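Asks: Supplied in structure tokens, the structure appears directly below.
The values are calculated or read from the model by the stated rules, or taken from the named source; none is laboratory data. Here the structure is a predicted model, which is why all the values come from computation and not from measurement. In this analysis, Cβ positions are derived from the backbone assuming ideal geometry, glycine residues included, and neighbour counts consider all displayed protein chains. Only protein heavy atoms, including side chains, enter the accessible area calculation; ligands, DNA and RNA are left aside. Shrake-Rupley method; radii C 1.70, N 1.55, O 1.52, S 1.80 Å.
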Amino acid sequence: MTRSLFRPLLPALIALALATAPALAAGTWNRGNSADPESLDPHKTSTVYEAHILRDLFEGLVMQDGISDLVPGAAESWTVSDDGTVYTFKIRDDAVWSNGDPVTAGDFVYSLRRLQDPTTGAEYASMLYVVKGAEEVNTGKGKPEDLAVRAIDDKTLEITLKAPTPYFLEMLTHQAAYPVHKPSIDTLGAEWIKPGNLVSNGAFTLTEFVPNDHIKLTKNPKFHAADTVALDVVNYVPTEDRSTAIKRFEAGELDSNDDLPTEQLADLRAKFGDQIKIGPYLGTYYYAVKLDKQPWENAKLRRAISMAIDRDFLAEKVWGNSMIPAYSMVPPGIEGYTPATADYADMTQLDREDAAQAILTELGYGPDKPLKLEIRYNTSENHKNTAVAIQEQLKPLGIDVTMVNTDTKTHYGLLEQKGDFDYARAAWIADYKDPESFLGISRKASGNNYSNYDSPAFEAAMDTAAAAGGDPAKRFEELAKAEKILVDDLANTPLLFYSFHNIVSPKLSGWQENVMDVHPSRYVSKN
Amino acid sequence: MISYALRRLVTAVPTLFVIITISFFLMRLAPGGPFSQERGLNPTVKENLDRLYRLDEPLWRQYLDYLGNLARGDFGPSYNLPDFTVADLFRVGLPVSVELGAAALTLALLLGTLLGVVAALRQNRPTDYAVTALATAGSTIPTFVVAPLYQLVFALTLAWVPVAGWGGGALVNKIGPVVVLALPQIAIVARLMRASMIEALTSHHVRTARALGLSDLTVIVRHALRGAVLPVVSYAGPAAAALLTGSVVVESVFAIPGVGRYFVDAALNRDYTLVMGTVVVIAVFVIVFNLVVDLLYAVIDPRVRHD
């Protein structure tokens, strides 16, 4: 009897429990995000999962829409001088902070100075070194007032660049260029970023932040386009454990997640059908090569190794088709740009292997003189499987591959300090939709030039492209020429292009696939 | 006994000091740093960050600064979570971990003791075999298997509980983590209890008690159990320190905002201050619980006296 009494009670108990959870309200997007942000201060962040949240909280001069196209943000319009170096932005009249203060040109002056101020410790300060005076301020050689960003009046902002930079507007969509509220920082100090204190100018405001639990954003009624924002609440839920995230999605606790356990991709596709969203993403998975070390100085040898790697196998078997074979540094998907692929991209894998063998024989490698190669990667099941597959693929050519894996910090610590290695795993995800983002990392002075690539021809080609700033078509042509030099030199060995992998409930509308994998919550609604 | 406890607490200070010193320098031996990452930083930016967090100063200086701050109760900022200080992170996370750990510990001690005693009294009979089998299973099946199984059965199939999440501390959200945390502990306590109870039941003083004609219950509870519980008490000290400071597996699988994850995350992220904070917290827990165990010994076992 007691048992039969308890049974009907159970659903009621569960309903009660669920009703008390904030999860099920309509107009609430429970949004799985692969990790908690390191910070909500736009000037102190760098990662993709932080960008999702900051894009909802703040509004830069220009923003990305639901398909990652550039749209006006706090600036309603702008003009560019004929030489491409002076940008003049007109700030919207109805742009206000969440406390009602108007958003002014002065806010952007303050924010861009703060970004470059060495005491801010902004990781992305260097991205905006294209602004005149920025590098001097950041290195401590110049005063913040020297930064060539000035407010002509309350609603007119002028930014002067060192040189024409056609992707400058794309850069401004990055969170590093978002404005912050000076009065809050002046009065509250480090506490300005806390829920209840944070004054922001985006479509949502910060309501709660419990580390490792959730970040609750609430619709900002003062946002200039508030009438077009459908969601009342966005709960960002950190989903470090991807398997748990899928189960939470299945149970309805999450409406979406921005990552999938790729090793289960086939099963997930079968189970969730078109709720699984996979598509090309602007990211390249590559191996850096220690170019200043014997025998890797030899471009022919690097070419042989690259040719012998079966990228189709890697993409299909190792990554379950969640990656795309890569023969260029720049992934496809940037409108107007055709990546310069390696000349062996069109050959069959068998032909490539024959050609690779011929090169190795020519260079004198063989059973008597085996080639030894060490692959370093940061510890991860997928990186390991990739390296193991490459080890197997190179073995028939008499190349003896060994592997060393270290944790992420050790791995990048070594690359950063130009330590000793042969081949090392690295990756680049675009900060802004422009080929320069992928090619710039191989410039001599870049902190990401792990291969230590130093090619006058490449540098000159990049400079030529920059000089062609005013003419986008010409510039892309020049960039492709630069990429061709990079690819022919095998300054690094691109292996795969990333794809985004999301799981999205049909309850969400307005969620659109795009190569930057950006999904501003203001364009999404929930039924 | 109070003076003994005080003396122990005073000697804990040098112990803590040694632990902090060793950890501080060991951690700095690890290659890479808090700002090494997939997207390499511009050298200027890295210099700025190092200066901001005073990582550009000589190591001995940083060590002395850290000790000085710690003495004032300042654990420093987290390098990788700059919106929070290490103290903030513990203030939010530690109560969650302690609550789950305490519940799991209580469950484990009660259920484990009970199962162990029952098994010992029914030695080599089906009940005993069942308890032993359960205990073996409980201590050998890892939590990273049990936790997803629990989610699959109770959350997805039966839909009785949520899959994961803290839910603001709702009871239904705590069941899974507590049970999964408790299971291996129940198994260990049951096995310890069974073994020591079997031994106690055959001891001279228990036989004497029986010979005196005392009731079964009195013999078991007052005479056998009292001595037999000592191994469990010794085990419970370190176990409590481990349980109350959170479990990285349980907290990540159940998405619990505790401090267990910091042990691993902080070390992997080279978040030096957070690593040190974690070390200090664990060390204090271990020291305190070992002291509690020693004091309990004196209470339970009349042969032990702390003067």
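Asks: Among all the aspartates and glutamates, which ones have a C-alpha under 17 Å from A:Lys395's C-alpha, if same-chain residues fewer than 8 places away are not counted?
Replies: Qualifying aspartates and glutamates at Cα under 17 Å: A:Asp310, A:Asp351, A:Glu353, A:Asp354, A:Asp368, A:Glu374, A:Asp422.
Asks: Continuing with this model, one more query. Of the trypsin sites (Lys or Arg not before Pro) in segment B:48-94, which ones lie in a loop per DSSP and count no more than 10 other C-beta atoms within 10 Å? Please list the in-between numbers first.
Replies: Numbers: sites: B:Arg51, B:Arg54, B:Arg61, B:Arg72, B:Arg91; in loops: B:Arg54, B:Arg72.
Answer by residue number: B:Arg72.
Asks: Could you tell me what percent of the accessible area of segment B:17-97 is made up of carbon and sulfur, with a 1.4 Å probe and every protein chain present? Please report the intermediate quantities before stating the final value.
Replies: On the way: 2440 of 3840 Å².
In segment B:17-97, the share of accessible area belonging to carbon and sulfur is 63 percent.
Asks: Then there is this: Are there residues in segment A:106-131 whose accessible area shrinks by at least 50 Å² when all protein chains are included rather than the chain by itself, and which are they (probe 1.4 Å, ligands and nucleic acids not counted)?
Replies: Output list: A:Glu123.
Asks: With a 1.4 Å probe and all protein chains left in place, how much of the accessible area of segment A:424-527 comes from carbon and sulfur atoms, in whole percent?
Replies: On the way: 1830 of 3330 Å².
Its accessible area is 55 percent carbon and sulfur atoms.
Asks: Counting pairs of alpha carbon atoms under 8 Å apart in space and at least six apart in sequence, what relative contact order in percent does chain A give?
Replies: This gives 20 percent for chain A.
Asks: A further question follows. Need one word for chain B: rounded, prolate or oblate. Basis is the Cα gyration tensor (sqrt eigenvalues a ≥ b ≥ c); a/c below 1.5 gives rounded, then a/b vs b/c decides. Working shown, then result.
Replies: Working: a/c = 3.12, a/b = 1.64, b/c = 1.91.
Oblate, since a/c reaches 1.5 and b/c is not below a/b.
Asks: Suppose R0 equals 56 Å; then what is the FRET efficiency for A:Asp65 and B:Thr11 from their Cβ-Cβ distance, rounded to the nearest 0.05? Please list the in-between numbers first.
Replies: Numbers: r = 64 Å, r/R0 = 1.15.
Efficiency for this residue pair is about 0.30.
Asks: What residues of segment A:231-263 lose no less than 20 Å² of accessible area with every protein chain in place versus their chain by itself (probe 1.4 Å, heavy atoms only)?
Replies: A:Glu240, A:Asp241, A:Thr244, A:Lys247, A:Arg248, A:Glu250, A:Ala251, A:Glu253
Asks: Would you be so kind as to identify all helices of chain B, as entire DSSP H runs, whose Cα atoms reach 20 Å or more along the helix's own axis and whose mean Kyte-Doolittle hydropathy is at least -0.5?
Replies: The qualifying helices are B:2-29, B:86-121, B:126-140, B:171-201, B:230-244, B:272-300.
Asks: Further question: Let me see the pair-distance distribution of segment A:283-499: every alpha carbon pair, 5 Å bin width, integer percents in order.
Replies: In order of increasing distance, the bins hold 1, 7, 15, 20, 21, 17, 11, 5, 2, 0, 0, 0 percent.
Asks: Between A:Glu297 and A:Asn382, what's the calculated FRET efficiency when r is the beta-carbon distance and R0 is 22 Å? Round to 0.05. Numbers along the way, then the final one.
Replies: Working: r = 30 Å, r/R0 = 1.36.
Approximately 0.15, to the nearest 0.05.
Asks: Okay, next question. If you roll a 1.4 angstrom probe over the protein chains with everything in place, what fraction of the accessible area of segment A:36-163 belongs to carbon and sulfur, to the nearest %? Let's see the in-between values first.
Replies: On the way: 2180 of 4410 Å².
So the carbon and sulfur contribution to the accessible surface is 49 percent.
Asks: So for segment A:347-426, considering every pair of alpha-carbon atoms, how many percent are separated by more than 21 Å? Can you show the working numbers first?
Replies: Values: 1220 of 3160 pairs.
Pairs farther apart than 21 Å: 39 percent.
Asks: Using only protein heavy atoms and a 1.4 angstrom probe, determine the accessible area buried between B and A, summed over both sides, in Å² to the nearest 100.
Replies: Numbers: alone 16600 and 22350 Å², together 34650 Å².
By this definition, chains B and A bury close to 4300 Å².
Asks: I've got another one for you. Could you work out the relative contact order of segment A:324-429? I mean the mean sequence separation of Cα pairs under 8 Å and 6+ apart, divided by the number of residues, in percent. Present the calculation step by step, with values, prior to reporting the outcome.
Replies: On the way: 96 pairs, mean separation 27.0, N = 106.
After rounding, I find 25 percent.
Asks: Between their Cα atoms, which of A:Lys219/A:Lys277; A:Lys141/A:Lys293; A:Lys222/A:Lys507 are more than 29 Å away from each other?
Replies: Correct reply: A:Lys141/A:Lys293.
Asks: Using a 10 Å cut-off on Cβ to Cβ distances, tally the other chain neighbours for every residue of A:399-410 and report the average as a whole number. Don't skip to the end; give the middle numbers.
Replies: On the way: counts 0, 0, 0, 0, 0, 0, 0, 3, 8, 7, 13, 7.
Averaged over the peptide's residues, the number is 3.
Asks: Taking Cα pairs under 8 Å and at least six residues apart, what relative contact order does segment A:283-499 come out at, in percent?
Replies: On the way: 356 pairs, mean separation 80.0, N = 217.
Once normalised by length, the contact order is 37 percent.
Asks: Heavy-atom accessible area per residue, the protein assembly as shown, 1.4 Å probe: how many Å²?
Replies: Working: 34650 Å² over 834 residues.
On a per-residue basis, 42 Å².
Asks: Report the net charge of residues surrounding B:Arg39, where surrounding means a beta-carbon distance below 10 angstrom and charges are Lys +1, Arg +1, Asp -1, Glu -1. Mind showing how you got there, number by number?
Replies: Details: positive: none; negative: A:Glu123, A:Asp431, B:Glu38.
Residues near B:Arg39 contribute -3 overall.
Asks: Going by the alpha-carbon gyration tensor, a ≥ b ≥ c the square roots of its eigenvalues, is segment B:187-301 rounded (a/c under 1.5) or, if a/c is not under 1.5, prolate (a/b greater than b/c) versus oblate? Working shown, then result.
Replies: Details: a/c = 4.62, a/b = 2.80, b/c = 1.65.
Taking the square roots of the gyration eigenvalues as a ≥ b ≥ c, segment B:187-301 is prolate.
Asks: Something else about it: Looking at the square roots a ≥ b ≥ c of the eigenvalues of the Cα gyration tensor of the protein assembly as shown, which shape do they give, rounded for a/c under 1.5, prolate if a/b is larger than b/c, or oblate?
Replies: On the way: a/c = 1.87, a/b = 1.59, b/c = 1.17.
Prolate shape, in that a/c is at least 1.5 and a/b is the bigger ratio.
Asks: Based only on Cα atoms, what mean projected area does the convex hull of segment A:278-319 have, in nm²? Please report the intermediate quantities before stating the final value.
Replies: On the way: hull surface 15.9 nm².
With every direction weighted equally, the projected area is 4.0 nm².
Asks: Which of the residues in segment B:38-79 show a loss of at least 30 Å² in accessible area from their chain by itself to the complete set of protein chains, at a probe of 1.4 Å?
Replies: Residues of segment B:38-79 that lose at least 30 Å² of accessible area once the other chains are added: B:Glu38, B:Arg39, B:Gly40, B:Leu41, B:Asn42, B:Thr44, B:Val45, B:Asn48, B:Leu49, B:Leu52.
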